[in-house]
Each structure stands twice: as structure tokens, then as C-alpha cells.
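Colleague: Attaching a single structure in C-alpha cells format; questions to follow.
The values are calculated or read from the model by the stated rules, or taken from the named source; none is laboratory data. Fair warning: this is a prediction, and the values are worked out from it, not measured in the lab. Here the Cβ positions follow ideal geometry from the backbone for every residue, glycine too, while neighbour counts run over all protein chains shown. Note: accessible area is taken over every heavy atom of the protein model, side chains too, but ligands, DNA and RNA are not part of it. Shrake-Rupley method; radii C 1.70, N 1.55, O 1.52, S 1.80 Å.
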Amino acid sequence: MKKKVLVLGALLFSISSVCAHADILGEESGGWSTYMGADTYFHNVQFTSDSVGKQNEYYVEYTPNSEAVPVVINGKSIWGTRTIKEAEQYMRNNGLRPLVGINADYFSFKTGIPMGYTIIDGEIVSKEFGGQDAIGFREDGTGFIKWLDIQTTLSNGEKQIDIMYINKWLQPGFDPVYMLNDKFGSSSKTNSECIFVICSPVEGRIHVDEEMKLRVDDVFIYTGAIEIPEGKQVFAMDVHGNAECYDFLSRLYAGQELILRNQAMGDDGTWKTALNAVSSVGGRLISNGTVNSDFEAGAAPRTAVGIKADGNIIFYTLDGRQSGHSYGAQLKTLAKRMAELGCVEAINLDGGGSTVISALFPGNDQSMVVNSPSDGYLRNVANFIFLKDNRERTGIPWIINLNDAGNTNYISGMDASMTITSAYDTANYKMEPPYNDLHFRVDTDTDSTIDDDGNLHLEGEGVVNAVVYGSNGDLISRVYTVYETPEEIKIYNQADWKEVTGIYTHADEEMQLSLSAASFVNGVELNSNNRMYTWEIEGDIGTVTPDGIFTLGNTENTSGRILITAGNMTKEIPVEIGSYPVANPFYDTENHWARDIISTMAAEGILNGQQEDGMMVFKPDNNMTRAEFASMIVNYMQLDISKYANEPLSFVDAYNIPQWAQGAIKAAYKEGIILGRVNDDGTVAFAPYENITRAEAMTILGKIVPQKDNLAELPFADSGDVPSWAQNGAKLLYSMGIVNGYEGNVILPNSNIKRAEAATMLYKIENR
């Protein structure tokens, strides 16, 4: 058998490289593939079609080999059902290692007994009367799909009878003879008057085209269930069943020798080679390259097995009955899809809620159910087909799992770490630390270095490719990008993590600020800390430490700057120390009617401006956004936003709320101050970047002032334009003298509120 060249560190690849043309289920819209080892590939393909919408299929292509072989797993007994996770545990309990598994035969919901044939480890553990299409697997992993019809006979040397069923449920009134053994279960489950013949095997196996010699231990009649002795073969039938068979069994005696034969009818010896097999009443999808189409209509989740012309085996599942995820397929469509995948033989297995596929992916300890069962949970079924992983530990590293890197953009001088959290060898066995055979290196034009423990020092500017390698080559790499000079530096107050663009305060105010610097390139923040920056002071404004702690000086009416430098980029924070009354910090409010109000509110930390062309501006006549208004209200109320950090936001646009406003919005929402806007479809949004209206502002402000009864009616010409939900807030603010209206006796409730107007309304509330 040819050896596979193992390409390390490249397990996931685009599905387009696997299936170049796929139009039976629709147009390919996504997917992934993974090499599982042992000449086995796992594929997920996603489709979209105009007729049925989305489809999700999951299948394994397996090249027969000794490292993994197909087996049939039924569990401890034929009677009963189990989930695929329970079947995997059964395998592990019995020293078998599951790689990939799918559900198999149709079964009785009442008993869990499969409807067809089951061959496990060469033994016929379940036999049906008559023939069915079946999939067989040889010891070398190769497979075939053929008609299976086993004739089982029991002979005493003179006469013989047919044994129609092996390990099926003997129900009252059924004529034929059943054979039961401990594979069926610990009990016969019979509930009528039956004749039982208990035999001990002498030699031979219960195998296709073989015979077993038996010795009779006991013959008796009993009503109800009997215990099935371990290792024994029990022949049973209803005493009112077939007279000829009853006569045969009743004449047997202890010590008598019998011959049990199992012959595959019309077979050329192929079935004798099957080590594992399972049949299905679901029908043959493809026969000798011919796609069958004579199936009942109806789309459903599907499970199938197919064999390609080159001998590769496809283990296939398709999700269904889940709107927006996967519709499912009719059997004729399933047959065409299996042919499209290259199958020349294919068989349909149990589908619907039974459809399931599980896999133990490389680099993992536990298998996972990959598809989405249509019941919403794992259904208990009869049996499964698994690829049993025969590989032994190699000790040669293959899959390396690292700590979560997060953001891999760094400012020069920073340290990072590549920590190996787990390692798996080329047979996917977990390796135990220390990983002495694993080493680190960096491929880079920068001055960055890495030590033997994966500790990186990132220095210079450029790309750093950090590699984990072993004696068998490179295994995994991680790319870091290092910058000496950022495009932008922002400074934040660690007390509330709001951006600081200027400091304006009074000389007699004792103040110490813990500042934090952050660098950005193309809007992406670089990993850094305060020690990566140079912190300097210009002017008699105070001191600043290398850790960014600024202590205010005590000199009145002075100004200066805090300079924060990284590479060739310097951020300037203007500092104004005035005497009371508060100095005006904003360049664009000097001649504005609300200058003193805005200055006072800014000094109290309620309002913020922004830096523009080296000047601090407030933009008093700009509309105020909903996010800005929320921040202003929370600052005024002095709410500790850290207490609301874990509060969820249920707004449909929560993802769009800027980082700087999230704390304030969470606090305002939790306190019931701001509730959001209702969309036309009934959902609630916060709309952080949209302008806040005067009606909304009055409603919010009305919640933070003392409440009153018997409010005066609004006297404005456009009072009727005030929304019903804003009436109380508007009346309350009018009664308090906070809202007086505009020229022309209007209140303009649905107009946007200006930043200066919002500051003034809040100032009046504070000083009422």
C-alpha cells in the first residue's frame, strides 16, 4: 500500500479543492475540510439553491488502510438503543478507538432491534428473514455493497429446519424458529408459551458460509422470558407455531449434536470476506454506476454509504428539516449527489432524526457531533458504522495547540508568549509535557527574538513569523506585526477609561490621574503598556511618572502640556490650570452664549470636547447624538459604570455601540433612564450615532428630576406634536422652568437638540 505524505500544519483547507463541481444540491456557498489522519478526510459543504434554500452536508472520504478500518458497533446488546456518544463510550470501554461514526440501520422504536442484518467481527449477530441490500467491510478496510440473503439451518443429521431470525424479538403468535444468544441481551424478552432449546457451541463460528457444531444442554417449555446463558445458543419458538419446526425441537435431547449452517444465497463468496456488515431496508441508491430513481418522494435528513471506482468509501450525512440551515433531500437527489461525489455503489441508511455524524478531530481529546440532528438532540438508535482507529502512539509531534494570541499587533519593545497548551503525535495521541522535541524560532527582518520557552521579545518594525518545529519539520506558526511608530496615540483616564484630550481644572483642586496610552495603526490597537512610551511635561503644571501617573501642580492661571511619545509620534495633552471661575477650555465657545455653562459643566467632568487641529473644541451648535447624551447624563448622575460592566444590552444594534459609550449606556439602561427606540419590526435599537430629539431628551431628563403631581398643560402652539410617551417629561421640565420654548411659542419636540442646548438644560436642573 502506498504511503501518504503527511503535510503538517495545514489541516484545514477550502472545500473548493475537494469538490470542483457540485450542482445537485445547489451552488456551493461555503465549507471546510480537515485531514483526520489514517488516509481519511472530513468535509463539510454548504449549498444554497433558489428552490430549497440552504443545505449542509458532512461526509468522510476514506481510503482503505490498516491504520483505520470500518466496523459496525451495536453496543452491549441487540435489544435497546443508544446515542452515538454512548456508542463511542462503549468502544472506548472495550479498547476500541473511534475516529468517525455515522448512524446505520433502520430499527424498531419499541425494541431498538435493527430491521436488517448485522455482522460484527465476522459473527452474524442479527439476521432478518429474506434478503436486503447491505454494505460489507473486510479486515483490510475495503468495502462492497451487495444483496445479502443468509439461509440459516439447524440439522440433527437426519432432518433440518430453517432458522428465520437471529437475535430478533420473538412475539406471541409468530410461527418461525428464532435463535438468540447473549448478543441479543441477558433475557429472551418472550412473553408467551415457548419451547426453548439451549445449546453449547462445540466448534465453529456463526459466520457466513460456515457451520457451527452444537451440543444440546436442555429442552423445555416455559411461559415468559428466560435468562440467556452467556456463551450459549438458544433456539426458541411459540408452541403454537410451525408444527414441523415444533416437532423437530421437541424431539431434541440433552447431549445430542446439531449442526448450524449459514449460507449466503446466490453469492460468489464475497460475503464470506466481510468482517463487519450492516444491511438496510432504505434501498440501493447506485448499482454498478447506475443511479436509481425509483423512490418515494419526500425530503428529509439523510445518511448513506458509497464506494467510489477507486475503492475509496464515502460515509455521508445531510442535515434537513431545519429552516435557514438545511432543507434535506429526496432519495433520488441523494442518489445523484452520491454519484456526483464519485460513487459507483451506494446504499441508503436510516435518515430523519437518526442522521448523525461524529468525529475525533486532530488535536482534540474528545469527539464531537458535527452535524445538527433534526430532532434538536441526539436520537437513540440501533447501531452505527465507525472508522476504528488502529494507530499506536508514535511520539512524533503533529498537532500543536497554542495559547490564544488575540491581537498580534504590537508596538516595538513589547513582549509576547507562544505557550504550547497541548501537543498531539502523528497518531493523534496527546503528548505529555515537557515537550523536549519541540523548539521555537523566529523568521524576521526585525531584531525580535524568542527563547526556548516561547517567550518573544518584539523589537523593530516589520513582520515576525514565530515557528514551533520538531525533528519532522515546522508544525505551527504565528505571525506578529511590530511597529516602531504608530499612526495615532490616544490617552485614557484609567478611572473610567474615557479618552482624555485635555485637562482643564482649578489650581486649588487636588488631583492625580492615572493615564493610560494606546497606539493605533489603521484603526487597530497595538499591544503596548505605559512603559513603552516616553512621558514628559512642558510647563509648570505638575509631574508625570514613566507609568503615566500625572500629579497636578498648584500654580494658578498656567498652562502646559503632557507629551507622550512612541517612535516618531507624540501625543499632546493640553493642561489648563485656572482660578475660579472656570477657564474656558474650548476654542470654539469663547464667544458663544453658553460659554460659561459649557465651561462649568466641562470642569465638573460632565461634558467632553475633542481635539481638532491642535485645539480643544466643543462644537456647541452641532446636534448631540444619543450616545453623547447618555454619557452626559451618567456623568452628571456620577454613576459608577464599573458596576454595570457585566450587564447585557438587548438592543439589536448593541454591536454598533462605540466602546467609549458602552459603560454609560449600560448604566443608563439598567437604571431605566434610557430605554431605546422601537423599530418598525418591533425590535428595539439604541441608535448610538443618531441625533437625539428634544422629546427624547425631555423624557430622559424628566426621569432624573424630582417628580410632581398636577403638572401644568403645555402652552405651546405645537404641543400636539409632543409624542404621548414624552408628555410627562415635557410637562415636568416646563413646570420647573427648565424648558421655555422658542420664538413663536413653539417647543419643537421632534427637532434635534443642540449640544449647547443639552448642556444648558442639564445645567438648569443642577442649579434649580
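Colleague: Add +1 for every Lys or Arg and -1 for every Asp or Glu among the other residues with Cβ under 11 Å from the Cβ of Gly255, and state the total.
Modeller: My count for the surroundings of Gly255 gives -2.
Colleague: If you plug each phi of the stretch 247-258 into the Karplus form 6.51 cos²θ - 1.76 cosθ + 1.60 with θ = phi - 60°, what whole-Hz ³J(HN,Hα) values come out, in order, with x for Gly and Pro?
Modeller: Taking θ as phi minus 60°, the curve returns 4, 4, 5, 5, 8, 6, 9, 4, x, 6, 9, 10 Hz for the stretch 247-258.
Colleague: Then there's this: Please report how far the C-alpha centroid of the stretch 574-629 lies from that of the stretch 118-162, rounded to the nearest whole angstrom.
Modeller: The stretch 574-629 and the stretch 118-162 have Cα centres spaced 89 Å from each other.
Colleague: Something else: Using alpha carbons only, how many degrees (0 to 90, rounded to 10) separate the axis of helix 331-340 from the longest principal axis of the chain?
Modeller: On a 0 to 90 degree scale, this one is about 80.
Colleague: Another one. Using only Cα atoms, find the angle between the long axis of helix 84-93 and the longest principal axis of the chain, and express it within 0 to 90 degrees, rounded to the nearest 10.
Modeller: Result, in degrees: 70.
Colleague: Which of the chymotrypsin sites (Phe, Trp or Tyr not before Pro) across the stretch 493-562 are loop residues per DSSP, with 15 or fewer other Cβ within 10 Å?
Modeller: Qualifying residues, ordered by number: Trp497.
Colleague: Which net charge results for the neighbourhood of Gln322, defined as the other residues with beta-carbon distances under 11 angstrom from its beta-carbon, given Lys and Arg at +1 and Asp and Glu at -1?
Modeller: 0
Colleague: Suppose each label sits 7 Å from its Cα in the direction of the beta carbon; what would the Tyr587-Ala299 distance come out to in nanometres?
Modeller: Taking the simple label geometry, Tyr587 and Ala299 are separated by 6.2 nm.
Colleague: Just the number please: accessible area per residue for the chain, 1.4 Å probe, all protein chains included, in Å².
Modeller: I get 45 Å² per residue for this part.
Colleague: Give me, ordered by chain and number, the residues 5 or more places off Ile476 or on other chains with an amide H under 5 Å from its own placed amide H.
Modeller: Residues meeting the amide H criterion: Val468.
Colleague: Something else now. For the chain, with all protein chains present and a 1.4 Å probe, just round the carbon and sulfur fraction of the accessible area to a whole percent.
Modeller: Roughly 45 percent of what the probe reaches on the chain is carbon or sulfur.
Colleague: From Cα coordinates alone, what are the radius of gyration and Dmax values for the stretch 691-740 in angstrom?
Modeller: When restricted to Cα atoms, the stretch 691-740 yields Rg and Dmax of 10.0, 31 Å.
Colleague: Moving on to the next point. How much of the calculated P(r) for the stretch 325-426 lies past 15 Å, in percent of all Cα pairs?
Modeller: Here the tail beyond 15 Å accounts for 78 percent of pairs.
Colleague: Let me ask something else. What distance in nm separates the two pseudo spin-label positions at Leu96 and Lys619, each 7 Å out from Cα along the beta-carbon direction?
Modeller: Placing both labels 7 Å along Cα→Cβ, they lie 6.8 nm apart.
Colleague: Given a 1.4 Å probe and heavy atoms of the protein chains only, how would you sort Lys336, Lys189, largest accessible area at the top?
Modeller: Result of the area sort, largest leading: Lys336, Lys189.
Colleague: Suppose a student asked you for the relative contact order of the stretch 198-355, using Cα pairs under 8 Å spaced at least 6 residues apart; what percent would you report?
Modeller: 22
Colleague: Now a separate question. Alpha carbon centre of the stretch 280-342 versus the stretch 642-678: separation in Å?
Modeller: 49
Colleague: Also, I was wondering about something else. [x] 1.13; [y] 0.95; [z] 1.17: which one is Rg/Rh (Cα atoms, Kirkwood Rh) as calculated from this entry?
Modeller: From the options [x] 1.13; [y] 0.95; [z] 1.17, the structure gives [z].
Colleague: List the chymotrypsin sites (Phe, Trp or Tyr not before Pro) within the stretch 366-395 that fall in a DSSP loop (any state other than H, G, I, E or B) and whose Cβ has at most 12 other Cβ atoms within 10 Å.
Modeller: Answer by residue number: Tyr377.
Colleague: Moving on. Note down the relative contact order for the stretch 145-261 as a percent, whole number, built from C-alpha pairs under 8 angstrom at least six residues apart.
Modeller: The normalised contact order for the stretch 145-261 reaches 33 percent.
Colleague: While we're looking at this one, here's another question. Okay, which of the stretch 528-567 sit inside 14 Å, backbone N to the point 7 Å along the Cα-Cβ direction of Gln494?
Modeller: So the set is 529-533, 544-551.
Colleague: Let me check against my output: what whole-number percent is the relative contact order of the stretch 519-570, with C-alpha pairs under 8 Å and at least 6 apart?
Modeller: 33
Colleague: Next question. Debye sum, Cα scatterers, the stretch 394-511, no solvent: what log₁₀ I/I(0) at q = 0.16 1/Å?
Modeller: Here the Debye-derived log intensity ratios amount to -0.80.
Colleague: Which one of Ala594, Ile503, Trp147 has its Cα pushed farthest toward the positive end of the charge dipole of the chain, where Lys and Arg give +1 and Asp and Glu give -1 at the Cβ?
Modeller: Trp147
Colleague: Can I ask one more? Say the dipole of the chain comes from +1 at the beta carbon of Lys and Arg and -1 at that of Asp and Glu; which of Asn554, Leu733, Ser77 then lies farthest toward its positive end?
Modeller: Ser77
Colleague: Could you give me the ³J(HN,Hα) list for the stretch 518-531, computed from phi with Karplus coefficients 6.51, -1.76, 1.60 and θ = phi - 60°, whole Hz, x at Gly and Pro?
Modeller: Computed from phi, the couplings for the stretch 518-531 are 9, 10, 9, 9, 6, x, 9, 6, 8, 5, 7, 9, 4, 6 Hz.
Colleague: What does the convex hull of the alpha-carbon atoms of the stretch 531-662 project to on average, in nm²?
Modeller: Averaged projected hull area, Cα only: 10.6 nm².
Colleague: Give a quick list of trypsin sites (Lys or Arg not before Pro) in the stretch 86-163 that DSSP marks as loop, anything other than H, G, I, E or B, with at most 10 other Cβ atoms within 10 Å.
Modeller: Sites meeting the loop and neighbour criteria: Lys110.
Colleague: Compare the Cα positions of Thr426, Val521, Thr534 along the charge dipole of the stretch 422-578 (+1 at Cβ of Lys, Arg; -1 at Cβ of Asp, Glu; about the Cα centre) and return the one farthest towards the positive end.
Modeller: Towards the positive end, the residue furthest out is Thr426.
Colleague: What FRET efficiency, computed as 1/(1 + (r/R0)^6) with R0 = 30 Å and r the Cβ-Cβ distance, is obtained for Glu392 and Glu210, rounded to the nearest 0.05?
Modeller: The calculated FRET efficiency here is 0.45.
Colleague: Can you give the longest run of the chain that contains no GluC sites (Glu not before Pro) sitting in a DSSP loop with at most 13 other Cβ atoms inside 10 Å?
Modeller: 1-138
Colleague: Can I ask one more? Could you work out the helix-only [θ] at 222 nm for the chain, with each DSSP H run of four or more residues adding -39,500 (n - 2.57) and the total divided by the number of residues, to the nearest 500 deg cm²/dmol?
Modeller: It lands at -3500 deg cm²/dmol.
Colleague: Further question: Need one number: the % of Cα-Cα pairs in the stretch 134-288 sitting beyond the 26 Å mark.
Modeller: Distances greater than 26 Å cover 30 percent of the Cα pairs.
Colleague: About its Cα centre, how strong a charge dipole does the chain have in debye, to the nearest 20, once Lys and Arg get +1 and Asp and Glu get -1 at the Cβ?
Modeller: Dipole about the Cα centre, nearest 20: 2260 debye.
Colleague: So what's the net charge close to Glu203: Lys and Arg +1, Asp and Glu -1, counting the other residues with Cβ under 12 Å from its Cβ?
Modeller: Residues close to Glu203 contribute a combined charge of 0.
Colleague: Quick one: Cα centre-to-centre distance for the stretch 374-433 and the stretch 438-462, in angstrom?
Modeller: 24
Colleague: For the stretch 211-223, what does the Karplus curve 6.51 cos²θ - 1.76 cosθ + 1.60, with θ = phi - 60°, yield as ³J(HN,Hα) per residue in whole Hz, taken in order and with x for Gly and Pro?
Modeller: Values, residue by residue: 10, 10, 8, 10, 10, 5, 9, 7, 10, 7, 10, 8, 9 Hz.
Colleague: With r defined as the distance between the Cβ atoms of Asp721 and Ala243 and R0 fixed at 60 Å, what FRET efficiency is calculated, to the nearest 0.05?
Modeller: 0.05
Colleague: Then there's this: If R0 is 25 Å, what FRET efficiency do you get for Ser514 and Glu538 from their C-beta distance, rounded to 0.05?
Modeller: 0.80
Colleague: Now, a different point. Going from most exposed to least, what order do Arg391, Arg205 have by accessible area with a 1.4 Å probe?
Modeller: Result, largest first: Arg205, Arg391.
Colleague: Let me ask another. Report the percentage of all Cα-Cα pairs in the stretch 31-114 whose separation exceeds 20 Å, rounded to a whole percent.
Modeller: Of all Cα-Cα pairs in the stretch 31-114, 51 percent lie more than 20 Å apart.
Colleague: With the crude spin-label approximation of a point 7 Å out along Cα→Cβ, what separation in nm comes out for Ala225 versus Asn380?
Modeller: My value for the distance between the label points is 1.3 nm.
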